[in-house]
Amino acid sequence: MIKFDNVTYTYPESASPALREISLQIGDGEFVLLVGGSGAGKSTLLRAMNGLVPHFYGGVWHGQVLLDGVDTLIRQPHELAGRIGFVFQDPEAQSVAEDVENELAFGMENLGLDALLMRRRVEEVLHQLDLDQLRQRRVSTLSGGERQRLAIGAALTMQPRTLLLDEPTSQLDPQSAEELLTLLQKLNADLGITIVISEHRLERVVQYADRIIYMAGGAIAADGPPRTALAAIPFAPPVVALGKTLGWSPLPLSVREARRFVGSPPQPSPKNGEGVTAPSPKNGEGVTAPSPKKGEGVTAPSPKKGEGVLLELRNLSFAYAGAEVLRKVNLAVRGGEVLAVMGRNGAGKTTLLKLIIGLLKPGSGEVRLDGENIVGRPVSELAKRIGYVPQNARATLFADTVAAELRFTLRGHSLPAEAQRIGATLTALGIAAYADCYPRDLSIGEQQRVGIAAMLVVNPDVALLDEPTRGLDYASKAALVAYLDTLRRQGRAIILVTHDVELVAEVADRVALLANGEVAVSGPTRTVLGDSLIFSTQVGKLYGNGLLTVADVLGNYEL
């Protein structure tokens, strides 16, 4: 059992507490979902559960945390490692070994476990998390999602009685996320392992939780069963938001539970894919949407040569150490268009972006900007027109303040570091309040927005964003969506690499699905997501026929 008794904690040199008068108990075998905005104190609360706060971070501490009756203040984190496992929000910083198998065994070796026992546990975890084909791979060559699964696997090999996970699905594709959460549910139900998860993508997790703890300003603002808590907090996953708006009771937590409230299915979409229709609801039994009006959710057609194509990939191929990652990829994006690149973890999505910006050189093929092949040009030259934000935006931050990060980028592009321009960009992304803060002291989601701001402040012709919603709460994600729409209207081309299907449904004109290094499917967002069994939104699974978002459903519904 985990027990907090009036805990208040302030990080070193911080003006305000990260945790405020926290008192709570988490019982053995509970499955707890921790939610709240970026910077609300969720990660700090998790760190306090295993003693990292305050032992590792320092700062000012008041109160007491007991883990199975043991005061974490008088025990070091390594002494608690056999009881409580921790998966960080930043898996890139968690690995210590060179290859996958040794990374999985590292924690058990420190506990002095028997070699045969370690081998059995490693094999079990390799199978459970679909890591078997990666067992000999160097950790440095793994994708972000593969690293996330590896970090989770390393924690599971220790077989702790309590497992803490900070944003465990943020870099996982929908299928991998579902498989992971199913595994956690099984560990919870069959072995009685206590699970505490901090997560922003509630649509993935909420149906598995016994309890939701909602944090705001470092304090617990709500705590209770999922339906009760979700009815009280200001954000919710799509089917829950739909249920709250339309008065569905009991409030559905999953697509399966929401089906009971949906009457006759929507009528088939028109063949040209440009309109979506549905019958009128009867007695509250169904929810429908009208055909989208021009410019309101209709996806753009694939660009054709000579019709405003800004960036084009022609027969692009690439291999790591002889292993082919991308194979004859052909894609194009126009100014004023958002292209989402999706696919399973390890499909080559991040590699594709690195080829475009020049961090990698293709084995064959071309990257054409305004019709000119730019392969081989220096990254410094390409960065004047192409902005790139990697998965781990923290790696790009080094200035003393958030505002200084943007000033550095502007000066690097020989642009005036105007305070008004910097302030407007920070305001648009909801981080103006952090202008004078040290970037690395911010939460992962806040750091992600700083990285995006530092790239977008120069108004590049092409913006490349790799998992831009990683660590973002609902409000921050809405601000990003609005800003991307501004860039689109300015005529800029945007390529998103993401597993966030809800984001794609809101902002993307077209979707390209990568599989086995090739473009398996490419087309309008409604067509690609609407026809997918894996890469679809909650609303898409519930209604089908081109309806993807809550706005689609409520568009013509009289409340």
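Alpha carbon centre of the stretch 26-47 versus the stretch 493-537: separation in Å? Taking the Cα centre of each part, the stretch 26-47 and the stretch 493-537 sit 31 Å apart.
Most tightly packed first, judged by the mean number of other beta-carbon atoms within 10 Å of their residues, the peptides 530-539, 496-505 read 496-505, 530-539.
Near the amide H of A222, within less than 5 Å, lie the amide hydrogens of Y214, all on another chain or at least 5 residues away, with H placed in the peptide plane.
Structure note, pairs K42/K244; K186/K354; K349/K541; K328/K477; K3/K541: Cα-Cα distances above 29 angstrom occur for K186/K354; K328/K477; K3/K541.
Express in % the proportion of alpha carbon pairs of the stretch 91-137 at distances exceeding 16 Å. Tail fraction, whole percent: 37.
Restricting the count to DSSP beta bridges whose residues both fall in the chain, what percent are antiparallel, rounded to a multiple of 5? Close to 55 percent. Computed with a 1.4 Å probe over protein heavy atoms only, the accessible surface of the chain comes to 42 Å² per residue.
What the phi angles of the stretch 244-256 give under the Karplus curve with 6.51, -1.76 and 1.60, with θ = phi - 60°, is a coupling list of 5, 5, 9, x, 5, 9, x, 4, x, 9, 8, 4, 4 Hz, glycine and proline written as x.
Per q in 0.09, 0.17, 0.20 1/Å, what log10 I(q)/I(0) does a Debye calculation on the alpha-carbon atoms of the stretch 401-559 return? Those come out to -0.35, -1.02, -1.24, one per q. Here the simple spin-label model places points 7 Å from the Cα toward Cβ, and for S364 and N459 these points are separated by 4.1 nm.
Dividing the summed helix terms, -39500 (n - 2.57) for each DSSP H run of n ≥ 4, by the number of residues in the chain produces a 222 nm estimate of -9000 deg cm²/dmol to the nearest 500. If you plug the beta carbon distance of A424 and D210 into 1/(1 + (r/R0)^6) with R0 = 35 Å, you get a FRET efficiency near 0.20.
At q = 0.06, 0.07 Å⁻¹, what base-10 log of I(q)/I(0) does the Debye formula yield for the chain when every alpha carbon is treated as an equal point scatterer in vacuo? Log10 of I(q)/I(0), two decimals: -0.30, -0.42. The apolar share of the surface of the chain, taken as the fraction of accessible area on carbon and sulfur atoms (1.4 Å probe, ligands and nucleic acids excluded), comes to 49 percent.
Spin-label pair T182-A475: with each label point 7 Å from Cα along the Cα-Cβ axis, the two points sit 3.6 nm from one another. Amide hydrogen proximity for G343: with H placed 1.01 Å from N in the peptide plane, the residues at 5 or more positions away or on another chain lying under 5 Å are L514. Estimated from the Cβ-Cβ distance and a Förster radius of 41 angstrom, the FRET efficiency linking D190 and R385 is about 0.15. Would you work out which of L382, A97, Q185 lies farthest towards the positive end of the dipole of the chain? Charges go on Cβ: Lys and Arg +1, Asp and Glu -1. In the chain, that residue is L382. Restriction of the GluC sites (Glu not before Pro) in the stretch 304-356 to DSSP coil positions whose beta-carbon has at most 12 other beta-carbons within 10 angstrom yields E307.
The alpha-carbon of K384 sits under 12 angstrom from the alpha-carbons of these aspartates and glutamates, leaving out residues fewer than 8 places away in its chain: D461.
Subtracting the Cα-Cα distance of E98 and R260 from their residue separation scaled by 0.36 nm leaves 53.3 nm. As a rough guide to protection, the peptides 231-242, 132-143 ranked by mean Cβ packing within 10 Å, highest first, stand as 231-242, 132-143.
Extension gain, E372 to F56, is 108.6 nm, computed as 0.36 nm per intervening residue step minus the present C-alpha separation. Under the simplified labelling scheme, the I534-E21 pair shows an inter-label distance of 4.9 nm, with each label point 7 Å from Cα along Cα→Cβ.
The values are calculated or read from the model by the stated rules, or taken from the named source; none is laboratory data. Keep in mind the model is a prediction, meaning the values are calculated, not measured. Cβ atoms come from the backbone with ideal geometry, glycine included; neighbour counts cover every protein chain shown. These area figures cover heavy atoms from the full protein model, side chains too; ligands, DNA and RNA do not enter into them. Shrake-Rupley method; radii C 1.70, N 1.55, O 1.52, S 1.80 Å.
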